[in-house]
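Okay, so here's the structure we're looking at.
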Amino acid sequence: MGASAAREKPPPVPDVAVQVDDLADIRRPSADQNGGNDSQPNAAESGSDMPSAMQALGLGVAPQQGDSAATKQRQPPYREVLKVSQPLGAEAFRKDGCIGTQEQQLRMLGYYAFLTPDFERYQDTIRSAEACISEQGPAPQFLVFEGQPGTGKTKHAVAFAKAMGLPLLYVTPDVAQKPGWFNQVHADLEKRRDAVLFFDELDTFTTNSEKWCSQFRQFLDGVLSPSDARVIVLGTTNDAEKIAPDILHRSDRIRFDRPEAVHLRSMWQMYAQHLKDDEVQQLAATSSAGGLTGRDVRQCADFAERQTTISFLNRQGHGGGYAHGMALAGCPGPAADLYQQCIRRRSRD
């Protein structure tokens with residue numbers, strides 16, 4: 001802790017003031033295969049292959065209809081967890097409660113330019129003809145979000161897709177390893193056009209098959225990617241060292257670290273708005289000393305709320321538990337000590 005305190009503080013990062021409205025929204029029309037322009041995630045599926053981080057964000061997939069071989073063959077090579085929507089820009093990060101990551105958000109918002117024909121014309125003015133986008137179309141953009149568990153990588157991936165107004169296409173390892181998967185992606189994205197192709201825990205894809213890694217490199221280089229679509233490939237990882245160096249070298253790496261006390265204070269203000277300022281400050285200080293993340297804050301808020309409500313119901317003698325519509329009327333907010341109890345336990349963990 002002493003070395004960290006002595007370390008020179010980085011220069012302040014400016015607030016995220018960039019809005020999508022500041023950029024001409026003249027993207028090519030994007031076909032939504034499911035129809036409509038719904039920005040909400042699809043209904044959750046009963047299957048267990050969706051990572052807990054995605055489930056915690058309330059993202060699921062629509063259950064597939066039918067179980068015939070023909071139906072399975074027609075299924076896309078990924079799961080659409082967010083549909084095409086109006087681009088929200090920086091507002092997407094604010095709405096999703098992304099705190100303390102202004103620098104990362106600014107870097108992500110820069111990718112909106114990649115989706116516009118204006119940017120292509122701009123590049124034509126500053127690049128030689130040999131360096132401009134080929135007739136086969138632009139190669140996919142590739143981002144890697146890296147950092148310890150619980151630092152908000154998956155949460156920011158979802159907010160990024162909303163900011164861009166693009167569908168978020170979640171890829172599962174079992175499907176991606178099947179023969180012909182890249183050909184399926186190529187054919188499907190030619191119809192769908194612009195999208196974010198999302199590989200949560202990317203290192204689990206790249207450690208088992210050199211053949212898959214080779215095809216993935218070709219996809220990133222534009223060889224196996226769709227010619228008439230602007231695709232942003234996004235991967236997350238807790239340990240970037242597990243990813244092959246030549247794959248990682250193709251990426252724009254965005255680092256997510258554990259939040260500082262000032263950011264933890266903002267998080268606690270969101271989850272415990274009934275507490276006094278000095279109590280929130282103490283929660284932030286204890287959380288920072290224990291190395292807690294945004295995920296820990298949410299878990300501790302859940303714990304304190306559960307303990308408070310069950311104690312209230314027991315005192316009131318509600319044998320029916322939560323069944324009565326007004327059973328929790330008058331239930332107070334959790335005491336600061338309950339939050340602290342959870343913080344201390346997760347600090348030890």
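Only Cα pairs under 8 Å and 6+ residues apart enter the sum, and on that basis the relative contact order of segment 124-269 stands at 41 percent. Measuring between their Cα centroids, segment 136-178 and segment 230-253 lie 10 Å from each other.
In whole percent, and with a 1.4 Å probe on the protein chains, what portion of the accessible area of segment 124-273 is carbon and sulfur? C and S atoms contribute 46 percent here. Using a probe of 1.4 angstrom and keeping all protein chains present, the accessible surface of segment 230-349 works out to 55 square angstrom per residue. Computed about its Cα centre, the charge dipole of segment 243-297 is approximately 180 debye, with only Lys, Arg, Asp and Glu carrying charge at their Cβ. 3J(HN,Hα) couplings calculated from phi for segment 240-249 with the Karplus curve 6.51 cos²θ - 1.76 cosθ + 1.60 (θ = phi - 60°) are, in sequence order, 5, 5, 7, 8, 3, x, 6, 6, 4, 5 Hz; Gly and Pro show x.
Which order do the peptides 140-151, 195-206, 269-280, 336-347 come out in when sorted by mean C-beta neighbours inside 10 angstrom, highest first?
Numbers: 140-151: 20.3, 195-206: 22.0, 269-280: 14.8, 336-347: 17.9.
Most protected by this proxy first, the peptides run 195-206, 140-151, 336-347, 269-280.
Take segment 73-178 with all the other protein chains still there, run a 1.4 Å probe, and you get 42 Å² of accessible area per residue.
Computed over the alpha-carbon pairs of segment 75-198, the distance histogram in 5 Å steps reads 2, 9, 18, 19, 18, 16, 12, 5, 1 percent, short to long.
One chain, two ends: Phe119 and Asp277. Fully extended at 0.36 nm per residue, the span grows by 52.3 nm beyond their Cα-Cα distance.
Give the relative contact order (percent, whole number) for segment 196-349; include only Cα pairs under 8 Å separated by 6+ residues. Each step should come with its number before you reach the end.
Details: 131 pairs, mean separation 33.1, N = 154.
Once normalised by length, the contact order is 21 percent.
Short-range pairs are left out: with C-alpha atoms under 8 Å and at least six residues apart, the relative contact order of segment 112-198 is 26 percent.
The values are calculated or read from the model by the stated rules, or taken from the named source; none is laboratory data. Please read these numbers as outputs of a predicted model, since none were measured by experiment. Glycine also receives a Cβ, built like all others from the backbone with ideal geometry; neighbour counts cover every protein chain displayed. SASA here: full protein model, heavy atoms, side chains in, ligands and nucleic acids out. Shrake-Rupley method; radii C 1.70, N 1.55, O 1.52, S 1.80 Å.
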